[in-house]
């Protein structure tokens, strides 16, 4: 059985309530329930924090527990956290970065991801569907999916 950690960074705990015109009206609990239903045999561990250190601690503990992969939406930490970038680079796990909005079509500062160069791939601008695609990518056992 596969085990995937889904990690959400700052402000993502307010999905469905935070700027719904940008981030949508579906709350995380509703989406998480749907997502879990897509893969009943897969263990999906979910964590959200507004604190960089807590996210890094969780990621390191997840790697130590032996999860098979990570889906991460680092939020604004994407653009400013070298510590998170270094953590992701050192996990030894496949990681897929997700962003609800197209970070390249928003404010200029969002167009630079410190984390993208150290992850398997990045999904940006597809809303909550990006998480679904990220889990699919991690579950893909084909040699072309390895990195």
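Note down, for the stretch 5-83, the three equivalent ellipsoid semi-axes (square root of 5 times each alpha carbon gyration tensor eigenvalue), biggest first, whole angstrom. Let's see the in-between values first.
On the way: eigenvalues 87, 75, 14 Å².
That gives 21, 19, 8 Å for the three semi-axes.
When a footprinting reagent is the concern and you count Cβ atoms within 10 Å, what order do 68, 140 take, fewest first? Each step should come with its number before you reach the end.
Numbers: 68 16, 140 12.
The order, fewest Cβ neighbours first, is 140, 68.
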Rounded Å value of the spacing that divides the Cα centres of the stretch 116-130 and the stretch 53-77: 15 Å
Where Rh is the Kirkwood radius over Cα pairs, Rg/Rh for the chain: 0.93
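Defining a contact as two alpha carbons under 8 Å apart and six or more residues distant in sequence, what relative contact order in percent does the stretch 11-73 show? Don't jump to the answer; show the numbers that get you there.
Numbers: 27 pairs, mean separation 13.7, N = 63.
It comes to 22 percent, rounded to a whole number.
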Percent RCO, i.e. relative contact order, over the chain, from Cα pairs under 8 Å lying at least 6 residues apart: 25 percent
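Read the figures in this text as sums done on the coordinates, not as results from a lab. Just so you know, these numbers come straight off a predicted model, no measurement behind them. Note: ideal-geometry Cβ built from the backbone for every residue, glycine included; neighbour counts use all protein chains shown.
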